[in-house]
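Asker: The structure's right below; bear with me while I get my questions together.
The values are calculated or read from the model by the stated rules, or taken from the named source; none is laboratory data. Keep in mind that this is a model prediction, so the values were computed, not measured. Here Cβ is always computed from backbone atoms with ideal geometry, including for glycine, and neighbour counts include all displayed protein chains. To get the accessible areas, we keep the full protein, side chains included, count just its heavy atoms, and leave off ligands, DNA and RNA. Shrake-Rupley method; radii C 1.70, N 1.55, O 1.52, S 1.80 Å.
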Amino acid sequence: MKQIFSLLLVLGVLLAGCSKPEQQGESTTATTTDFKTTSAALPFSGYWLSESYFNDIKAHQSPQKSQEGSEEVFLVIPDSTLQPTMMVWNFHEGSEEITVLKKDDAYQLYEVVIDSLTRPLKDIKIISPTKIEIGNKTFVKISPHAKTNEKNNPLILEEILFKGKYSLADGKEVEFKNNGEVTGLENYRYYQPAIDYIGPGLQIDQVSLSSSEDKKEWMAFKFRGDTLLIHQIKCVEFDKSNNECGLADFGALKHTLVRKK
């Protein structure tokens, strides 16, 4: 079974405490502590992807290659401070719970331990409506599709790599939609590109095609400019002890699709 990373985010909500009236002479302390207990709207909420990963995908069109060294790669910024979130690492694991706070006109990521704010981790700088800097790393805003009940698990590669209309050799049109649906390709209705390539048998880019969402047929793919090649997967080395493919390569070519301009 393929080990595909799912972006699992904490779904709880931190309760904002009410600040007590301070006596005269304690206004400085009140100003310092209020930002940790008072919710504030975040003008840069949304889905943020590492700019280096985004650029690698555009340049190489290979999630398997782009995952190498991606480290801090994805973050969902809630619509207000004090909401729980996490930083995704390499699309394979995530950080401990963190939250965004606003102090005066500055924003910071804070670590959360047992429902308590502990220490600031990194500063957040707004560069433009579509670009922010977290620490010394730049993130770009993307608009992937997310199912209503999976808002924190958006379809990233569907949006930034596959989405579009293609032509088969016989001229038939195929469309890969950013919601994970595909039309015009045999009897397939859904597709899912793998985003996590840490594990056995994941040496090549892979995508599942299926007529129903629960029955996935995994294949290998590669982009050559505007041409998408979909192959069968050839298992070069099979791991009998774990009953899985340990080393995979491209098998027979199944489909050649050319992206329409």
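Asker: Taking a quarter of the surface of the Cα convex hull of the chain, what do you get in nm²?
Answerer: It is 16.7 nm².
Asker: For the chain, what does the helix formula give at 222 nm: sum of -39500 (n - 2.57) over DSSP H segments with n ≥ 4, over the residue count, nearest 500 deg cm²/dmol?
Answerer: Details: 3 runs with 23 residues, N = 261.
Mean residue ellipticity at 222 nm (helix-derived): -2500 deg cm²/dmol.
Asker: On to the next question. With labels modelled as points extended 7 Å from the Cα through the Cβ direction, what inter-label distance (nm, one decimal) is found for Ile142 paired with Lys260?
Answerer: Label at Ile142, label at Lys260, 2.4 nm between them.
Asker: Sticking with this one: What is the gain in length, in nm to one decimal, between Asp214 and Lys165 on full extension, counting 0.36 nm per residue of separation less the C-alpha to C-alpha distance?
Answerer: Working: separation 49, 0.36 × 49 = 17.64 nm, distance 2.45 nm.
Taking 0.36 nm per residue and subtracting the Cα distance, the gain is 15.2 nm.
Asker: Quick check for you: with a 1.4 Å probe and neighbouring chains kept, what is the accessible area per residue of the chain, in Å²?
Answerer: Ligands and nucleic acids excluded, the result is 54 Å² per residue.
Asker: Let me ask you something else. Which three lengths, in whole Å and largest first, does region 42-97 cover when its Cα atoms are put on their principal axes?
Answerer: Dimensions of region 42-97 along the principal axes of its Cα atoms: 37, 23, 10 Å.
Asker: Right, another one. What fraction of the Cα pairs in region 75-148, stated in percent, has a spacing above 15 angstrom?
Answerer: 59 percent
Asker: Cα axis of helix 51-60 to longest principal axis of the chain: angle in degrees, 0 to 90, nearest 10?
Answerer: Here the helix axis deviates by roughly 10 degrees.
Asker: If contacts are Cα pairs under 8 angstrom and at least 6 residues apart, what is the relative contact order of the chain in percent?
Answerer: Working: 549 pairs, mean separation 37.3, N = 261.
Rounded, it is 14 percent for the chain.
Asker: Further, regarding this structure: Run the numbers for Arg224 and Val113: contour at 0.36 nm per residue of separation, minus the present Cα-Cα distance, in nm.
Answerer: 35.3 nm
Asker: Grab the beta carbon distance between Asn187 and Thr130, set R0 = 45 Å, and tell me the FRET efficiency rounded to 0.05.
Answerer: Details: r = 38 Å, r/R0 = 0.85.
Using R0 = 45 Å, I get an efficiency of 0.70.
Asker: Semi-axes of the equivalent ellipsoid for region 124-226, please: Cα gyration tensor eigenvalues, times 5, square-rooted, ordered largest first, whole Å.
Answerer: Semi-axis lengths for region 124-226 are 28, 17, 15 Å.
Asker: Considering only C-alpha atoms, what is the centroid distance from region 137-215 to region 61-129, in Å?
Answerer: Cα centroid of region 137-215 versus Cα centroid of region 61-129: 25 Å apart.
Asker: Please list log₁₀ I(q)/I(0) at q = 0.22, 0.24, 0.25 Å⁻¹ for region 148-191, using the Debye equation with identical point scatterers on the alpha-carbon positions.
Answerer: Evaluating at q = 0.22, 0.24, 0.25 Å⁻¹ gives log10 I(q)/I(0) of -0.73, -0.82, -0.87.
Asker: When the accessible area of the chain is computed with all protein chains present and a 1.4 Å probe, what percentage of it is carbon and sulfur?
Answerer: About 48 percent, which is the carbon plus sulfur part of the accessible surface.
Asker: Along the positive direction of the dipole of the chain (beta-carbon charges: Lys, Arg +1; Asp, Glu -1; about the Cα centre), which of Asn90, Ile77, Ala252 reaches farthest?
Answerer: It is Ala252, whose Cα lies furthest towards the positive end.
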